[in-house]
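Asker: Have a look at this one before I ask anything.
The values are calculated or read from the model by the stated rules, or taken from the named source; none is laboratory data. Values in this document were obtained by computation on a predicted structure and should not be read as measured data. Glycine also receives a Cβ, built like all others from the backbone with ideal geometry; neighbour counts cover every protein chain displayed. The accessibility values were calculated without ligands, DNA or RNA, using every heavy atom of the protein model including side chains. Shrake-Rupley method; radii C 1.70, N 1.55, O 1.52, S 1.80 Å.
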Amino acid sequence: MGVKRRAFLIGGAALVGGGVFALKWLDHSASEDAVALTTGKGESSFGGWLKIAEDDAITVYSPHADIGQGSSTGLGQMLAEELDADWTKVNVVAAPAEKAFANTMLGQGFLAEMSGHPAIINALPVALLSFIARAMPIQITGGSSALRFTGQRTMQVLGAATRKALVETAAKRLGVPEGELTTAESKVVHAKTGKSLRFGELAAEAAQRSLTDEPKLKDPKTYRLIGKPIPRLDTPAKVNGTMQYGMDVQLPDMRVATITAAPIRGGKLVSVDPAPAMAVKGVEKVIKLENAVAVVAKGYWPALQGLRALSPKFSDGGNGAISTASIFAAHDALRKAGKVESEAGEGDVEAGLKTSGAKRVEADFRLPFLHHAMMEPFALTAHHKDGKLDIWGGLQDPLATKMAAVKFSGLSADDVTFHPMASGGSFGRRLPMYVEIVEQVTRLAMQLPHPVKLIWSREEEVTQGAYRPQSSAHLTAALGKDGKIAAWRNDYAQTEGIEGEATFIYDLPAVSRRLFKHESNQTTGAWRSVNSTQHGFYNECFMDELAAAAGADPVEFRARYLKPGSRHLAVLNEVAKRSGWGTPLPAGVGRGVAIVESFQTIVGQVIEASVKDDGTPKIHKVYAVVDCGRTVNPSNGENQIQGGIVMGLSTAVGEAITLEKGAVVQSNFGDYPILKMEGAPASIDVHFIESGAPMGGLGEPGVPPSAPALANALFAATGKRIRSLPIVAIS
């Protein structure tokens with residue numbers, strides 16, 4: 001997550017929140033609210049995020065939606081580690097969508113990262129951080145932040161603080177010094193006497209103590225849960241079918257609605273005759289919205305049939321001439337006119353590009369809009385009754401969703417409840433700031449006397465996405481007589497949007513990255529790993545071109561510009577070693593390498609690939625080496641990297657959203673193909689380097705190196721450069 005997106009998340013939010021754990025010492029009303037919302041008879045709450053029952057059952061409240069990334073298990077591991085809990089007694093559940101459960105420490109983590117001065121941010125008084133958190137209705141899931149921010153800053157600290165409170169209570173009861181007590185498997189033990197007390201026996205009294213905000217954390221060498229491949233807590237329910245997704249919600253007397261919005265973004269509903277829909281058996285109502293029309297029926301099928309019977313007329317909002325080609329042409333025009341929106345870098349690039357005797361290398365790259373392609377289309381259920389509104393669904397920020405519903409309904413926050421559900425895929429699409437369905441279902445519910453589930457069809461979901469921006473770049477570099485890069489310039493064009501620059505890892509004498517801002521009529525949003533995918537492709541493909549121009553090996557050439565002893569160089573060397581870089585391959589097969597840092601995690605990949613008879617790529621093997629500092633759950637971490645690689649390859653070989661006459665051309669998986677089993681690599685080898693560096697994310701960093709590593713492998717196999725995606729065919 002880059003600065004712009006983080007700034008949006010932090011500065012763009014305007015409603016009240018407060019972190020319970022941080023407010024334990026500061027805002028008793030918030031803490032009391034949290035306890036009242038979650039704590040029953042025989043249970044004791046610690047900091048709002050943790051409760052311990054008399055029977056030793058431990059419940060951890062997560063402010064993050066587990067959208068398949070396994071954060072619930074990881075957060076539970078981190079808290080249970082410091083608590084010394086019996087893992088078999090630990091359960092992790094979604095925190096209520098209430099301001100008492102806003103995630104203060106997540107905001108602190110983002111601020112520390114975006115400021116460039118984490119020590120200063122981390123030293124700020126908790127009171128100030130709480131004040132900042134109150135400006136954010138934030139329970140957000142994104143930016144690969146759950147474990148590295150919430151896990152480290154809240155769960156581990158809370159676990160250690162609670163353990164200390166339990167030990168203090170046990171020492172008082174047993175009449176022994178605290179120093180003679182140890183903890184293990186949800187017990188406080190006094191070895192000298194052989195006596196022990198269960199956490200459940202101590203919890204009620206311990207919960208009355210003030211929790212320290214600076215407890216001593218364990219030495220990582222003593223970890224017994226962190227670093228272990230513990231099975232995920234959510235797997236059984238997903239396997240046996242009991243997991244409840246937004247699509248599964250069923251309420252008495254519920255109706256089902258479906259909707260179609262203006263096909264050209266920016267357009268409005270001009271007119272619609274409801275009669276054809278009302279003639280369909282089961283259809284009860286046609287509701288007009290500003291830019292859409294919805295059909296309400298006694299089931300999804302009649303609602304869909306009714307919608308298809310309509311012939312709504314929409315305006316084009318003045319965007320009817322926009323196309324994929326016109327957007328790229330606009331990018332080129334901005335570069336030609338020199339209309340730079342912002343610039344970053346260092347050194348004298350102009351002088352470097354004019355180095356005497358230098359070889360000038362230039363290349364143009366073009367990348368399409370990308371769709372999130374969630375398996376479960378949007379489905380939200382809402383019920384307005386007696387002045388109260390309830391909404392059920394799976395989104396990436398339950399609290400922000402609730403506050404959006406407050407806004408659209410005109411009700412007070414006390415009268416709106418959001419019920420978090422599981423979600424079938426997300427990848428950034430379920431962030432409420434980009435989700436129109438919250439407003440739509442709220443407005444429908446406010447007009448209906450019964451519950452209504454609004455389902456987006458697959459076609460609506462594909463054509464009304466919040467896409468990764470269409471982007472292009474012109475890269476220029478100068479190679480000196482010594483074969484070294486003298487200067488590098490990246491002129492890229494896209495919407496400024498949600499993300500600034502990706503991390504540039506190479507140490508060059510002069511480098512410049514210039515943004516040429518262009519806005520299309522499309523909604524763009526956070527797409528898994530956001531701008532790191534675009535810049536990972538530009539930088540790593542161009543680095544390969546420079547290596548070729550210098551007559552150098554791609555790995556050896558990259559190593560020249562990575563600092564000796566750096567984590568980047570270690571990752572590069574390790575992935576080269578594990579992949580057998582430099583060893584012979586079968587005829588027609590090439591190796592490509594790419595290394596990208598994103599979300600404080602460094603991922604290097606080597607891909608072996610060839611070209612099939614029809615000109616399309618065949619991906620044989622992928623080797624990945626990852627340095628995220630420390631892995632909490634290696635098994636889940638491996639799954640995250642593998643999933644990211646497959647998603648990155650899918651975008652390389654098939655995915656693209658294109659525009660004609662202002663509207664999206666694609667409408668379903670038939671014309672927006674995602675990678676199938678038959679196209680996936682036969683093997684993906686993932687290796688983690690436990691460097692002990694500050695913890696990075698894992699949900700997103702696996703994606704960015706895949707496309708450039710594949711493109712570079714195909715160059716090695718064919719001698720032909722790939723500078724635009726998707727790769728349709730290599731002739």
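Asker: Where residues in region 646-657 are closer than 22 Å to residue 696 by Cβ and open to solvent by 20 Å² or more (accessible area, probe 1.4 Å), which of them is farthest from the chain's Cα centre (by Cα)?
Answerer: 646
Asker: Tell me whether region 356-363 contains one or more residues that are open to solvent by less than 50 Å² (accessible area, probe 1.4 Å), within 28 Å of the chain's Cα centre (by Cα), under 28 Å from residue 519 (Cβ atoms) and not polar (S, T, N, Q).
Answerer: The answer is no, given that none of the residues of region 356-363 is open to solvent by less than 50 Å² (accessible area, probe 1.4 Å), within 28 Å of the chain's Cα centre (by Cα), under 28 Å from residue 519 (Cβ atoms) and not polar (S, T, N, Q).
Asker: When you scan region 688-702, do you find a residue that is in contact with a Cys (Cβ under 8 Å, 6 or more places away or on another chain), open to solvent by 40 Å² or more (accessible area, probe 1.4 Å) and not in a helix (DSSP H, G or I), even just one?
Answerer: Checked against the condition, which is being in contact with a Cys (Cβ under 8 Å, 6 or more places away or on another chain), open to solvent by 40 Å² or more (accessible area, probe 1.4 Å) and not in a helix (DSSP H, G or I), region 688-702 yields no hits at all.
Asker: Quick check on region 658-666. Is at least one of its residues on the phi < 0 side of the Ramachandran plot, touching a residue at least 12 places away in the same chain (Cβ under 8 Å), polar (S, T, N, Q) and surrounded by 15 or more Cβ atoms within 10 Å (Cβ to Cβ)?
Answerer: yes
Asker: Follow-up question, since we're still on this one. Could you tell me which numbered condition residue 351 fails, if it satisfies all but one of (1) under 30 Å from residue 470 (Cα atoms); (2) assigned to a helix (DSSP H, G or I); (3) open to solvent by 50 Å² or more (accessible area, probe 1.4 Å)?
Answerer: Every listed condition holds for residue 351 apart from (1).
Asker: Need at least 2 residues that are at pLDDT 90 or above and over 18 Å from the mean Cα position of the chain (by Cα) per element, so show me which helices (runs of 4 or more DSSP H) inside region 1-120 make the cut, counting only ones lying wholly within it.
Answerer: Because the criterion is at least 2 residues that are at pLDDT 90 or above and over 18 Å from the mean Cα position of the chain (by Cα), the helices (runs of 4 or more DSSP H) in region 1-120 that meet it are 28-38, 71-83.
Asker: In the list 418, 427, 408, which residue meets the criterion of being over 17 Å from residue 460 (Cβ atoms), open to solvent by 30 Å² or more (accessible area, probe 1.4 Å) and touching a Ser or Thr at 6+ places or on another chain (Cβ under 8 Å)?
Answerer: So the residue among 418, 427, 408 that is over 17 Å from residue 460 (Cβ atoms), open to solvent by 30 Å² or more (accessible area, probe 1.4 Å) and touching a Ser or Thr at 6+ places or on another chain (Cβ under 8 Å) is 408.
Asker: Next up: Within region 173-200, track down each residue that is touching a residue at least 24 places away in the same chain (Cβ under 8 Å) and farther than 18 Å from residue 85 by Cα.
Answerer: Passing the criteria: only 173.
Asker: If you scan region 481-508, which residues turn out to be assigned to a loop (DSSP other than H, G, I, E, B), modelled with pLDDT under 95 and open to solvent by less than 20 Å² (accessible area, probe 1.4 Å)?
Answerer: Scanning region 481-508 gives 483, 495, 499, 500, 502.
Asker: Looking at (1) in contact (Cβ under 8 Å) with a residue 60 or more places away in the chain; (2) assigned to a loop (DSSP other than H, G, I, E, B); (3) more than 30 Å from residue 72 (Cα to Cα), can you tell me which one residue 717 breaks?
Answerer: Going through (1) in contact (Cβ under 8 Å) with a residue 60 or more places away in the chain; (2) assigned to a loop (DSSP other than H, G, I, E, B); (3) more than 30 Å from residue 72 (Cα to Cα) one by one, residue 717 breaks only (2).
Asker: Name the strands (runs of 3 or more DSSP E) wholly inside region 251-295 in which the number of residues that are of a type in the set (Ser, Thr, Tyr) and either open to solvent by less than 30 Å² (accessible area, probe 1.4 Å) or touching a His at 6+ places or on another chain (Cβ under 6 Å) (or both) is 1 or more.
Answerer: Per the criteria, 255-261.
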